[in-house]
1. Considering each residue of region 127-141, count those that are closer than 14 Å to residue 154 by Cβ and either within 24 Å of the chain's Cα centre (by Cα) or in contact (Cβ under 8 Å) with a residue 60 or more places away in the chain (or both), and give that number.
2. Given the condition surrounded by fewer than 16 Cβ atoms within 10 Å (Cβ to Cβ), without any contact (Cβ under 8 Å) to a residue 12 or more places away in the chain, over 21 Å from residue 42 (Cβ atoms) and in contact with a helix residue (DSSP H, G or I) (Cβ under 7 Å, 6 or more places away or on another chain), answer yes or no: does some residue in region 151-162 qualify?
3. If residue 23 satisfies every condition in (1) in contact with a strand residue (DSSP E or B) (Cβ under 9 Å, 6 or more places away or on another chain); (2) modelled with pLDDT of 90 or more but one, which is the exception?
4. Taking region 40-64, which residues are surrounded by fewer than 18 Cβ atoms within 10 Å (Cβ to Cβ) and either on the phi > 0 side of the Ramachandran plot or in a loop (DSSP other than H, G, I, E, B) (or both)?
5. Would you mind stating whether residue 184 is at pLDDT 90 or above and either surrounded by fewer than 17 Cβ atoms within 10 Å (Cβ to Cβ) or part of a helix (DSSP H, G or I) (or both)?
6. With respect to the numbered conditions (1) assigned to a helix (DSSP H, G or I); (2) more than 21 Å from the chain's Cα centre (by Cα); (3) under 23 Å from residue 173 (Cβ atoms), which one is the sole condition not fulfilled by residue 7?
7. Taking into account only those residues within region 83-98 that are surrounded by fewer than 24 Cβ atoms within 10 Å (Cβ to Cβ) and part of a helix (DSSP H, G or I), which is farthest from the chain's Cα centre (by Cα)?
8. Among 31, 22, which is more than 17 Å from the chain's Cα centre (by Cα), in a helix (DSSP H, G or I) and in contact (Cβ under 8 Å) with a residue 60 or more places away in the chain?
């Protein structure tokens, strides 16, 4: 499939966007990791302050990896990577506040977050099974398997689409809370946190674009769109 000119034409631009987004977020994190905050709060302390604002019983824990930060609404645990958990920089504050924003969403019963959490099992199964079915269906011209793969992959695409408003809203809440809770002291610091969050948001945009265009490719190759199948 990777040698199919149609695939490269349709999905290639999204892959390029993904590469650019990854470079951007790493550059932004590296740049603002060197910029301290006036309050001297660590990422963990900033997250704990925001979580306390929600009144929700959420634990903040350290987790291994680079930018592996996430909030688990099932266990009510906010996990921060070492650089974010211990860091006292605008980058650490921005990432920690974003993940704490998800805790706020949980506390406020934010519907897109609830929907995303509900479809995680189906999306996980879909993403794992879709590719083998799609490949076998295309290679051996098994229409039934190809259609089954498209259906499963569509669930994964839906998950990516729901993720976009969830992540954008978490960043919006984070920026508001770092100001209202006194986590950043100046507009310049708030602007730095916004830069980090904007770069991170682009990775989700790129992932959604890649998923949508990949689905479009399979819809065309299956004949569902275009009226014919190679």
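1. Looking only at that region, the number is 5.
2. No; the residues of region 151-162 include none that is surrounded by fewer than 16 Cβ atoms within 10 Å (Cβ to Cβ), without any contact (Cβ under 8 Å) to a residue 12 or more places away in the chain, over 21 Å from residue 42 (Cβ atoms) and in contact with a helix residue (DSSP H, G or I) (Cβ under 7 Å, 6 or more places away or on another chain).
3. Tallying (1) in contact with a strand residue (DSSP E or B) (Cβ under 9 Å, 6 or more places away or on another chain); (2) modelled with pLDDT of 90 or more, residue 23 fails exactly one: (1).
4. Scanning region 40-64 gives 40, 55, 56, 57, 63, 64.
5. So residue 184 does not fit the description; no.
6. It fails just one condition, (3).
7. Filtering region 83-98 for residues that are surrounded by fewer than 24 Cβ atoms within 10 Å (Cβ to Cβ) and part of a helix (DSSP H, G or I), the one farthest from the chain's Cα centre (by Cα) comes out as 86.
8. Details: 22 fails: more than 17 Å from the chain's Cα centre (by Cα).
Sole residue among the options that is more than 17 Å from the chain's Cα centre (by Cα), in a helix (DSSP H, G or I) and in contact (Cβ under 8 Å) with a residue 60 or more places away in the chain: 31.
The values are calculated or read from the model by the stated rules, or taken from the named source; none is laboratory data. Bear in mind that the values here come from a model prediction, so they are computed numbers and not experimental data. Reconstructed Cβ throughout: ideal geometry from the backbone, glycine too, with neighbour counts over all protein chains shown.
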